[in-house]
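A quick write-up on the structure given underneath.
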Amino acid sequence: MAYCCDVERKKLQNRINRISGQVNSLKNKFNDESFHLDSDPYETIRQLTAIKGAVNGMITSYIEHYAKGHMINKVRNGSDIEAEAQIDNLLEIIKVYGK
C-alpha cells in the first residue's frame, strides 16, 4: 500500500503544480498594468474554467484514491458502526464537493 500511496501522492503533486502554474499565469496577467479587464474576456474566462476543471479533477481523483484505498481497508477491518461512520464521512465529502 505504501508504493500505491507514493504513486498517488506524486500524481497529486503533479496536478497541484499544474494548477499552480495556471493560477500564477492568470495572476501575472492581472498584475500586468497593460492588461484591461475588457480586453479579452473570453480568454480570461477560458483560463478560469480550465483552473476550475483542474481543481475538480483533482478532487475527484483524491476522493477516488481515498475510497478505493484507505476507506475500504477501514471498512473491512472495523466494526459495522465504524464502517457506517466511514461511509457517512465519504457521503458528506461528496455532498460538499457536489455543491
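The values are calculated or read from the model by the stated rules, or taken from the named source; none is laboratory data. Not measured: the values here are computed from a predicted model. With ideal geometry, Cβ positions are generated from the backbone for all residues, glycine too; neighbour counts draw on all protein chains shown.
Here are the numbers:
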item	result
Criterion: surrounded by 13 or more Cβ atoms within 10 Å (Cβ to Cβ) and among the β-branched types (Val, Ile, Thr) - qualifying residue of Ile81, Ile93	Ile93
Test: residue in the range 30-40 that is of a type in the set (Gly, Ala, Ser) and surrounded by 12 or more Cβ atoms within 10 Å (Cβ to Cβ)	no
Residue that is farthest from the chain's Cα centre (by Cα), among those in the range 17-47 that are hydrophobic (A, V, I, L, M, F, W, C) and modelled with pLDDT under 95	Phe35
Looking only at the range 36-93, and only at residues there that are assigned to a loop (DSSP other than H, G, I, E, B) and among the charged types (D, E, K, R), the one that is nearest to Gln13 (Cα to Cα)	Asp40
Residues satisfying the stated conditions in the range 6-15, i.e. within 17 Å of Ala54 (Cβ to Cβ) and exposed (fewer than 13 other Cβ atoms within 10 Å of the Cβ)	Lys10, Gln13, Asn14
Condition met for Asn14 (modelled with pLDDT of 90 or more, part of a helix (DSSP H, G or I) and within 30 Å of His65 (Cβ to Cβ))	yes
Lone qualifier among Ile63, Ile87, Ile81, Ile72 - being among the hydrophobic types (A, V, I, L, M, F, W, C), out of contact with any strand residue (DSSP E or B) (no Cβ under 8 Å at 6 or more places or on another chain) and in contact (Cβ under 8 Å) with a residue 24 or more places away in the chain	Ile63
